[in-house]
């Protein structure tokens, strides 16, 4: 079983990418590909970290790279905070002020009425 599961969902006005498991070096390439695809197809991308059990520097690198790409393209990249152990990594790296966090994707995006 892979260490991370990636679930993507298109909603009205954006794209939500949900991760479940460990966001480490082995997960970096598939997560980066999922986020790049989401950015190509949507003006707003939300990365949901609520079910991430672990994140390391390679996971942070993917997030920072995606954030920079979104800013260059004048798109929005938002994150939903993970559990305390994951959130602590962002605080230690002083990224809470640089990145945009939301409490819940539904606050930003409406469900797609078409399905």
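Throughout, read-outs are computed from the coordinates displayed, never taken from laboratory work. What you see is a predicted model, and the numbers here were worked out from it, not measured in a lab. Virtual Cβ from ideal backbone geometry, glycine too; neighbours counted across all protein chains shown.
Okay, here's what the table says:
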read-out	value
Residue check for residue 46: more than 16 Å from residue 7 (Cα to Cα), crowded, with 18+ Cβ neighbours inside 10 Å and touching a helix residue (DSSP H, G or I) at 6+ places or on another chain (Cβ under 9 Å)	no
Out of 106, 58, 85, sole residue that is assigned to a helix (DSSP H, G or I), more than 16 Å from residue 3 (Cβ to Cβ) and without any contact (Cβ under 8 Å) to a residue 60 or more places away in the chain	106
Region 22-49, residues that are in a strand (DSSP E or B), closer than 16 Å to residue 86 by Cα and over 10 Å from the mean Cα position of the chain (by Cα)	22, 23
